[in-house]
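Participant: Below is one structure. I have some questions about it.
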Amino acid sequence: MSEDVLDITPDPKVLIALTHTPLKPLDALCELIDNGIDSYRAAAIQGLPVAHPLIDILVPGAGEARRGEGALRLWDNGAGLDREGLRNALKAGFSGKNRYDNLGLFGMGFNIATGKLGRRTTVITARKSDERALRVVIDLPTVVNNRKFEVPVETIDKPANFSHGTIVSIDHWWPEGDPNAGFIVQLASIAKPRLREQIGRRYASILRSDDEGRIRILVNSDPVVGFEHCVWASERFVERQSWGRIPARIDFDEVIHSQRRCVYDGTAADDNADECLACGRNEFRTLEERVRGWVGIQRFDDNNQFGIDLIRNGRAIRVGEKDAFFNHPDDLGGAVKEYPTDQQTGRIVGEVNLDHVPVDFQKQDFQRSGEEWHRALDYLRGGSLLPSNWNAGEKNSTPVSKLFQGYRKVRNYGRQDMYMGRFDETQQKAVRIAREVEKDYYERFLKREPGYYDDARWWELVEEANVRPVMALEECPDCGFQNRSGVEVCEDCGRILLGKTCANCGTEIVASATSCSDCGSSQVPEVVEPWRCLVCSAVNDVEDEHCRGCGSVRGAENPVTREVLFRDAEKLPELSLDNKTFTLSDGRRTEPIDVSVYRTGPLRPVWNGQPVPTISYRSPGSIEVFVDTDHALYSQMGIHPQESVAIEVAQYLYVLHPDLQGQPGHSVNSIACIVLADRWGDELTIRQDQLKEEISGTFDRIRDRLAGNVDGDDFFDTLDQFEQRDLADRLINERLLERLSDMRPSGEYLRYVAPGVLARFFAHAPEAWFGLVWTDHLPDELVVGAPAAESARQHLVGAYRRCLEDCAEYLRFPDEEPTGVARARAASDYLEAHLT
């Protein structure tokens, strides 16, 4: 009996359908990089490792791509392919025998990536022993029209400087109307420094490898640098009760399970099985489930920049993974966030290699339903991280749990919670170091500066967090010796620095003396009743020589009296007023007033109370103001000491003229404004010419960063006739007009455009600015998810766009109104603070 068969070979249109698979431009490029990496792995497995492996990528400019020009090219110096190997590499659905050691798990990955980028793909490959190379051209429209899965292969001379490896070149971009139209433009529009940064994040472990076979990647001739986490060294630690020392970094490399699987389709097999139950073949391998890597503590916490990178064969599949490690399912199947909860920021990071865990079709995530994934998670984080959820006698001692127990909170700055801090005199405790300091240290880390790349300088701020700052030294007027603050007698020559006059003989003696060293008379007033301390106002018994409240000697002076403050005060002429008069609300001039301002240390009107910024003493026609210039009001809140002095003067004048009380304009606030404007108006007022100069300087620095580093060709075509004429005039002045055509592709001409044009260029291509002009970076969708990334993008781009437009508008039409000046000043400060 004959058997009928049906030919179910798919129509070649399936290749076109595959190219419509949702994929991000960077993922498509990474698919091609994966194939290059796989070629090196395959050569190493065969015992023929490639010396100095290199992947060289050329990405066209956005202007080229929009015009349908240029090509995307990727070249590797791997072992190359023979005819059979080339056929398998191009065959949709081919996965080969070694499905665990490669990144390119699916043969369709190559077809999807190249097909989304362009209509035509050319592959040239050769082995070192081959005299000639093989070339295949895959023209998708032609393949579909011929209705055959066949492409011509030809033998050609090896290209110049090409001994072995593979070259993949993609061109003939998809036209408007096709679902893939503009896909290559999205990739080409990514600024090249940013593109290298993103590739360096995904392939960090490969690029940082110390092995002789370390793979290098170039993008448009510049090297890609592998991302590095800024973490504490493994010898740093915290101590916790019942846990002992918990190091800041935990390394591991352990086989947690092994299984026997078919090398063709991955089906699990018993140890005694002779053939695969799925495909019937009899080739098996023992697969080790090895979990390798580290988890540790970042030197700074952040709202988003934390989490653990999950890597498969050198490529980060998940960047900054949080859900798998910091959420835990509840009894109803929902996810309960366990970290961070004590604050909104986290600092647990890591790099974990899970080479044995399968990934999904697009390599966006691991297959989380599989046993391999669950065994890896059990090893890394176990169950709940919260001890309150553990059963009696249980203890979650997994690497992630240990870090959680030791570093979950950042409350005690210094060694206790291992966080950088400084001692705050006002609060009398360690407080967090400023974010600006963290940012500066991190930038130095990225530059690999000694002490910042390693954690030595960072650790100094941890150890010094609870150390009180060195007190100011008192210089002896006789011998110049530097004495400790508060010392009554010079420790070198013996001169009295803090003294008083003996009540009996008039000899100068030290301030704390209870008897005269000359005549021997007691310096303690004789009292027959309890005495009140002048320092803290506590009442003491007759026999007490020292105050029970503050410990001061009987008769000690109040530290905030005028006489005591004068001893250590430093006059500030720039804040003082000599014989100054002011105009009151009724038009009258005030009597002349002298204001003497002095700098002092912390001022506490009440013993052990909160410090105040100023203390003043008034007499007719005179005010003495003592200012603690280090007070938080000035150092942290942005208030100027001049404002405090003006308020003291205003309060004096307000009380001095009771006849004006209740009249419009006669208030402390109004008088203070008059004093500020009259005495410090020029100093505190933003001058228009100065502001214009500062904003112009900011735009000059922006031009320096953009010129030659961005694709400005397509934007040039959007310039109107007035903008082009202005640019031409500037180039003529610089004798550079004949070079304009050469300047367009690299954006060099942007150095000569007006500020308003720069603002428009940002609105045209904002992605190119982040990381190149601005220190901020747009968030990665892989890290925060598409909705959050888009929301953050809109916020960041909007903020920078408004500031650029405000500054450009101010230069064009200077606004004399205070609100306009303040707006331009704020915009300029914002841009300047965020320049790279």
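Participant: Going down the list LYS322/LYS395; LYS158/LYS192; LYS402/LYS429, which pairs span over 32 Å between their C-alpha atoms?
Facilitator: Numbers: LYS322/LYS395 22 Å; LYS158/LYS192 30 Å; LYS402/LYS429 28 Å.
In this structure, not one pair exceeds 32 Å between Cα atoms.
Participant: Then there's this: Provide the convex hull volume over Cα atoms per residue for the chain, in Å³. Working shown, then result.
Facilitator: Details: hull volume 252.8 nm³, N = 836.
In the chain, the Cα convex hull volume per residue is 302 Å³.
Participant: If you take the C-alpha gyration tensor of segment 427-489, multiply each eigenvalue by 5 and take the square root, what semi-axes do you get, largest first, in whole Å? Spell out each step's value before the answer.
Facilitator: Numbers: eigenvalues 245, 47, 18 Å².
Largest first, segment 427-489 gives 35, 15, 9 Å.
Participant: Semi-axes of the equivalent ellipsoid for segment 191-346, please: Cα gyration tensor eigenvalues, times 5, square-rooted, ordered largest first, whole Å. Please list the in-between numbers first.
Facilitator: On the way: eigenvalues 223, 139, 60 Å².
Semi-axes, largest first: 33, 26, 17 Å.
Participant: Another question, then. Could you quote the convex hull projected area for segment 494-636, Cα atoms only and averaged over all directions, in nm²?
Facilitator: Details: hull surface 51.1 nm².
Over every viewing direction, the Cα hull of segment 494-636 projects on average to 12.8 nm².
Participant: How much length would be gained if the chain were fully extended between ARG281 and LYS337, taking 0.36 nm per residue of separation minus their Cα-Cα distance, in nm to one decimal?
Facilitator: 15.6 nm
Participant: Still on this structure: About its Cα centre, what dipole magnitude does the chain give when the only charges are +1 on Lys and Arg Cβ and -1 on Asp and Glu Cβ, stated in debye to the nearest 20?
Facilitator: Numbers: 100 positive and 135 negative charges, 353 e Å.
Using Cβ point charges on Lys, Arg, Asp and Glu, the chain gives about 1700 debye.
Participant: What number results when the radius of gyration of segment 282-328, computed over Cα atoms, is divided by 2.2 N^0.38 Å? Show your work: numbers first, answer last.
Facilitator: On the way: Rg = 14.9 Å, N = 47, 2.2 N^0.38 = 9.5 Å.
Computed over Cα atoms of segment 282-328, the ratio equals 1.57.
Participant: Given a 1.4 Å probe, how much area per residue of segment 150-242 is accessible, in Å²? Before the final figure, lay out each step's value.
Facilitator: On the way: 4650 Å² over 93 residues.
That works out to 50 Å² for each residue.
Participant: For LYS692, list the lysines whose Cα falls under 23 Å from its own Cα; do not include residues on the same chain fewer than 8 positions away.
Facilitator: Within reach: none.
Participant: Would you list the P(r) distribution for segment 115-164, with all Cα-Cα distances sorted into 10 Å bins from 0 and each bin expressed as a whole %?
Facilitator: 25, 42, 26, 7
Participant: Rounded to a whole number, what is D in µm²/s for segment 340-408 from Stokes-Einstein with the Kirkwood radius over alpha-carbon pairs (4 °C, 1.567 mPa s)?
Facilitator: On the way: Rh = 13.9 Å.
Roughly 93 µm²/s, to the nearest whole number.
Participant: Next question, about the same structure. Expressed in nm to one decimal, what extension gain is obtained for the pair GLU738 and GLU491 from 0.36 nm per residue of sequence separation less their Cα-Cα distance? Spell out each step's value before the answer.
Facilitator: Working: separation 247, 0.36 × 247 = 88.92 nm, distance 7.60 nm.
Result: 81.3 nm gained on full extension.
Participant: Using the heavy atoms of the protein chains and a 1.4 angstrom probe, tell me the accessible area per residue for segment 564-722 in square angstrom. Write down the numbers at each step before the final one.
Facilitator: On the way: 8240 Å² over 159 residues.
Spelled out: the 1.4 Å probe surface of segment 564-722, per residue, equals 52 Å².
Participant: Along the Cα→Cβ direction, 7 angstrom out, place labels at ASP541 and ALA799. What is the inter-label distance in nm?
Facilitator: That separation, rounded to one decimal, is 6.3 nm.
Participant: So, by mean Cβ neighbours within 10 angstrom, what's the order for 737-744, 508-515 with the highest one leading?
Facilitator: Working: 737-744: 14.1, 508-515: 15.8.
For the peptides 737-744, 508-515, the packing ranking is 508-515, 737-744.
Participant: Based on the Cβ-Cβ distance from ALA789 to VAL467, what FRET efficiency comes out when R0 is 51 Å, to the nearest 0.05?
Facilitator: The pair ALA789/VAL467 has a calculated efficiency of 0.75.
Participant: Still on this structure, I have one more. Starting from the Cα of LYS13, draw a straight line to each of the lysines and keep only those under 29 Å, dropping any in the same chain fewer than 8 residues away.
Facilitator: Output for LYS13: LYS24, LYS91, LYS97, LYS116, LYS148, LYS363.
Participant: Considering the Cα positions of segment 178-261, please state its Rg to one decimal place and its Dmax as a whole number of Å.
Facilitator: 20.3, 64
Participant: Give the value in nm², to one decimal: projected area of the alpha carbon convex hull of segment 97-248, averaged over all directions.
Facilitator: Details: hull surface 62.5 nm².
Over every viewing direction, the Cα hull of segment 97-248 projects on average to 15.6 nm².
Participant: Counting only protein heavy atoms and using a 1.4 Å probe, what share of the accessible area of the chain belongs to carbon plus sulfur, as a whole percent? Don't skip to the end; give the middle numbers.
Facilitator: Values: 20550 of 42900 Å².
Here it works out to 48 percent.
Participant: Could you work out the per residue convex hull volume over the alpha carbons of segment 640-751, in cubic angstrom? Intermediate results must be reported in sequence, preceding the final value.
Facilitator: Details: hull volume 18.9 nm³, N = 112.
Cα-based convex hull of segment 640-751, divided per residue, equals 169 Å³.
Participant: OK, next. Per 0.36 nm of contour for each residue apart, how much would the distance between PHE813 and ASN669 grow if the chain were fully extended, relative to their Cα-Cα spacing? Mind showing how you got there, number by number?
Facilitator: Working: separation 144, 0.36 × 144 = 51.84 nm, distance 3.24 nm.
Extending this stretch completely gives an extra 48.6 nm.
Participant: Now for a different question. Rounded to two decimals, what ratio of Rg to Rh does segment 731-815 give with C-alpha atoms and a Kirkwood Rh?
Facilitator: Numbers: Rg = 16.0 Å, Rh = 14.8 Å.
Result for segment 731-815 is an Rg/Rh of 1.08.
Participant: Placing one identical point scatterer on every Cα of segment 686-836 and ignoring solvent, what is log10 I(q)/I(0) from the Debye formula at q = 0.13, 0.16, 0.21 Å⁻¹?
Facilitator: -0.63, -0.91, -1.32
Participant: Taking the alpha carbon gyration tensor of segment 275-427, what are the square roots of 5 times its eigenvalues, largest first, to the nearest whole Å? Don't skip to the end; give the middle numbers.
Facilitator: Details: eigenvalues 252, 64, 37 Å².
Value: 36, 18, 14 Å, ordered largest first.
Participant: R0 = 45 Å: FRET efficiency of GLU228 with ARG588, Cβ-based, nearest 0.05? Spell out each step's value before the answer.
Facilitator: On the way: r = 69 Å, r/R0 = 1.54.
The calculated FRET efficiency here is 0.05.
The values are calculated or read from the model by the stated rules, or taken from the named source; none is laboratory data. This one's a predicted model, so the numbers in the text were calculated from it and none came from an experiment. All Cβ positions, even for glycine, are placed from backbone atoms using ideal geometry, and neighbour counts span all protein chains on display. The protein model used for the area step is the full one, side chains on, heavy atoms only, and it has no ligands, DNA or RNA in it. Shrake-Rupley method; radii C 1.70, N 1.55, O 1.52, S 1.80 Å.
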